[in-house]
Structure formats: structure tokens, C-alpha cells
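S.K.: One structure, pasted below without further comment.
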Amino acid sequence: MERKWRPDLKLWAKLKPIAREMRHEPTLAEQKLWALLRSRQLEDLKFRRQHPVERFIADFCCVSRKLIIEVDGEIHQYTQEEDAVRTEVLGSHGFTILRFSNDQVLKQPELVLATILDHI
């Protein structure tokens, strides 16, 4: 099965160290959500953290369900146009994108997980 959403090798070489750095410096909300998703804890699904998809790095990605989860901090209030383009491009590859604010993840993790389960 061909996966056209994977970055080409040149782009992958550029994205890989950025993704690795992002994995080593997660936000508090990303740490909390990762603790709930890692090791197939949710419906035995494999999630990847800071995973390159197309020309972007997704916060969390479940490839088998074509689901991307983004955890948005305050900066995303000012980048709504870029986020819309990102959602459109990733959606064109068949991915569903769920966005949660840092506050939602930190204060209502059970609601975040329930929302993810609703889309699985």
C-alpha cells in the first residue's frame, strides 16, 4: 500500500531531527496526553508522537486509523490560517484531525479521551 502522505527522503531528513527535538521537549499537555496514549493504552491503538505526515509534524498520529491529534497552545490563537491549511492538506490524505487546547488536556483528560474514542 503506497502512502503518499509520507514525506520524501529529502524532506524526511529535515523533519526527522526537528521531530526528535520536539519529542525531547514536550509541553506539559503533550506529556500528559502521551501518558494516556502510549503503549497501546487506548483501544490497543499505536500512537506515534511528533510524527512527520506530509510536510508537517503531527503531535500524535495513529496511522492505522488515519487520526491526528493536535494539542494547541496559545500560539494557535494567532496561527488559525496556517492551522486551516494544515488541516486541509492532511485531510486531503484521508486523515481526521482532532484539536484540543492545552487546558482541555490538562483539566479534562477524560473528556479528551472520550472525544478521541468517539472518532475511532
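S.K.: For residues that are part of a loop (DSSP other than H, G, I, E, B) and of a type in the set (Asp, Glu), scanning just region 23-58, find the one that is farthest from Leu117 (Cα to Cα).
M.R.: First, the residues of region 23-58 that are part of a loop (DSSP other than H, G, I, E, B): 25-27, 41-47, 54-55.
After this cut, where a residue has to be of a type in the set (Asp, Glu) as well, the list is 25, 43-44, 54.
Working: Glu25: 27, Glu43: 8, Asp44: 12, Glu54: 24 Å.
By that ranking, first place goes to Glu25.
S.K.: Which of the residues that make up region 9-54 are small (Gly, Ala, Ser) and within 23 Å of Leu90 (Cα to Cα)? Steps first, answer last, please.
M.R.: Within region 9-54, the subset small (Gly, Ala, Ser) is 13, 19, 29, 35, 39.
Once the filter is applied, which keeps residues that are small (Gly, Ala, Ser) and within 23 Å of Leu90 (Cα to Cα), region 9-54 yields Ala13, Ala19, Ala29.
S.K.: Restricting attention to region 105-120, report how many residues are without any contact (Cβ under 8 Å) to a residue 12 or more places away in the chain and in a helix (DSSP H, G or I).
M.R.: Taking region 105-120 and keeping what is without any contact (Cβ under 8 Å) to a residue 12 or more places away in the chain, we get 107-108, 110-111, 114, 118.
Checking the rest, the ones that are also in a helix (DSSP H, G or I) come to 107, 110-111, 114, 118.
Number satisfying all stated conditions: 5.
S.K.: Give region 11-58 a look and list any residue that's among the aromatic types (Phe, Trp, Tyr) and within 13 Å of the chain's Cα centre (by Cα), or say none. So that I can check it myself, show each step before the final result.
M.R.: First, pick out the residues of region 11-58 that are among the aromatic types (Phe, Trp, Tyr): 12, 34, 47, 56.
Residues satisfying the conditions are Trp34, Phe47, Phe56.
S.K.: I'm checking my understanding of the structure. Among residues of region 38-63 that are of a type in the set (A, V, I, L, M) and surrounded by fewer than 21 Cβ atoms within 10 Å (Cβ to Cβ), which one is nearest to Gln104 (Cα to Cα)?
M.R.: Start the filter on region 38-63 by keeping residues that are of a type in the set (A, V, I, L, M), which leaves 42, 45, 53, 57-58, 63.
Those still in the list that are surrounded by fewer than 21 Cβ atoms within 10 Å (Cβ to Cβ) too: 42, 45, 57, 63.
Numbers: Leu42: 18, Leu45: 22, Ile57: 21, Val63: 23 Å.
Ranking the candidates gives Leu42 first.
S.K.: Of all residues in region 4-19, which are surrounded by 11 or more Cβ atoms within 10 Å (Cβ to Cβ) and either part of a helix (DSSP H, G or I) or modelled with pLDDT of 95 or more (or both)? Show your work before the answer.
M.R.: As a first pass, look at region 4-19 and keep what is surrounded by 11 or more Cβ atoms within 10 Å (Cβ to Cβ): 5-7, 11-12, 14-16, 18-19.
Result: Leu11, Trp12, Lys14, Leu15, Lys16, Ile18, Ala19.
S.K.: Still on this structure, please answer the following. Cβ-Cβ below 6 Å, separation at least six or inter-chain, first residue in region 1-24 and over 21 Å from Glu70 (Cα atoms), second at pLDDT 80 or above and surrounded by fewer than 10 Cβ atoms within 10 Å (Cβ to Cβ): which pairs?
M.R.: Listed pairs, sorted by first residue: none to list.
S.K.: Read through the list (1) in contact (Cβ under 8 Å) with a residue 24 or more places away in the chain; (2) outside any strand (DSSP E or B), then give the number of the only condition that Glu82 fails.
M.R.: (1)
S.K.: Which one of these does Glu110 not meet: (1) among the charged types (D, E, K, R); (2) modelled with pLDDT of 95 or more; (3) within 30 Å of Lys10 (Cβ to Cβ)?
M.R.: (3)
The values are calculated or read from the model by the stated rules, or taken from the named source; none is laboratory data. Note that the coordinates shown come from a computational prediction; the quantities given were computed from them, not determined experimentally. Methodologically, a virtual Cβ is constructed for each residue, glycine included, from the backbone with ideal geometry; neighbour enumeration extends over all protein chains shown.
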